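Below is one structure, written out as structure tokens; the observations come after it.
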Amino acid sequence: MKSNKPVIYWSKNRFLPYTLVLYTQPVRLVFRIAIFKRAKCMNILLINGPNLQLLGEREPDVYGTQSLEDSNGKVKRYAEELGVQLETRQTNAEGEIVQWIGDAPKEFNGIIINPAAYTHTSIAIRDAVAAIRIPVVEVHLSNIHAREEFRRQSMTAPVCIGQICGFNVQGYELALKGLVEHINKHKDEY
Ligand code: DQA
């Protein structure tokens, strides 16, 4: 007895990563349901640090005219194209960034961070990045190496897998591409 093509429901909820397959057998009208646990999809955290909530209004000649909302929307659409989940957060508080980084491995496979001014000062954020095993990519909208002397040093870059700067908001997409490829390449380590 041949069954019809199964109907497949694919849960998009990341807390419920299941695929439900409904087989129908038209003769006996028997329904068989199979639920498979699906491999969790890659989950990335994007953190923007202090003053980046002002993106678009803040020094537009240096940081561009796109708002943080626009930028986050763009990179989220790109994440969808790559088939990964992306959560975006912004805070002006150094301690909050430290906490988010420390908690991230429970939920995320990698982090993209623009620590903004904390890049140049924060040993606490550097230590948090060094303390976790998941990979972190640092992003800056501007080319910090072509600006004031105090911006040329990054506390955090040496403990990240890489740094992208000078490409404005496109830097987040470049970072996402690099990070996803890196995680896929080093699957066994993370
Ligand atoms: C920045 C560069 C930092 O020096 C500065 O303090 C910022 C933004 C950037 O994205 O270019 O706030 O991180």
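Quick note: the coordinates plus some simple rules give every number you see, no bench work behind them. What you see is a predicted model, and the numbers here were worked out from it, not measured in a lab. Cβ atoms come from the backbone with ideal geometry, glycine included; neighbour counts cover every protein chain shown.
Select from segment 56-80 the residues that are of a type in the set (V, I, T) and part of a helix (DSSP H, G or I) and write down the one among them that is surrounded by the fewest Cβ atoms within 10 Å (Cβ to Cβ).
V62
Assess whether E173 counts as being closer than 17 Å to V84 by Cα and buried (at least 20 other Cβ atoms within 10 Å of the Cβ).
Against the criterion (closer than 17 Å to V84 by Cα and buried (at least 20 other Cβ atoms within 10 Å of the Cβ)), E173 qualifies.
Give me the strands (runs of 3 or more DSSP E) completely within segment 104-190, filtered to those with at least 1 residues that are in contact (Cβ under 8 Å) with a residue 60 or more places away in the chain and within 11 Å of the ligand (Cβ to nearest atom), ordered by residue number. Write out each step before concluding.
On the way: elements: 110-114, 136-140, 162-165.
Correct list: 110-114.
Going by the structure shown, is Q53 under 23 Å from R151 (Cβ atoms) and surrounded by fewer than 19 Cβ atoms within 10 Å (Cβ to Cβ)?
yes
Could you grab me the full set of residues in segment 125-149 that are of a type in the set (A, V, I, L, M) and surrounded by fewer than 18 Cβ atoms within 10 Å (Cβ to Cβ)?
Across segment 125-149, the qualifying residues are A130, A131, I132, A146.
Does N143 fit the bill of being closer than 19 Å to R58 by Cα and in contact with a strand residue (DSSP E or B) (Cβ under 7 Å, 6 or more places away or on another chain)?
Spelling it out, N143 is indeed closer than 19 Å to R58 by Cα and in contact with a strand residue (DSSP E or B) (Cβ under 7 Å, 6 or more places away or on another chain).
Would you say K40 is surrounded by 14 or more Cβ atoms within 10 Å (Cβ to Cβ), more than 17 Å from I164 (Cα to Cα) and basic (K, R)?
Against the criterion (surrounded by 14 or more Cβ atoms within 10 Å (Cβ to Cβ), more than 17 Å from I164 (Cα to Cα) and basic (K, R)), K40 does not qualify.
Between a first residue in segment 48-69 that is free of Cβ contacts under 8 Å to residues at least 12 places away in the same chain and a second residue that is within 11 Å of the ligand (Cβ to nearest atom), which pairs have beta carbons less than 7 Å apart while being 6 or more apart in sequence or on different chains?
R58/N51
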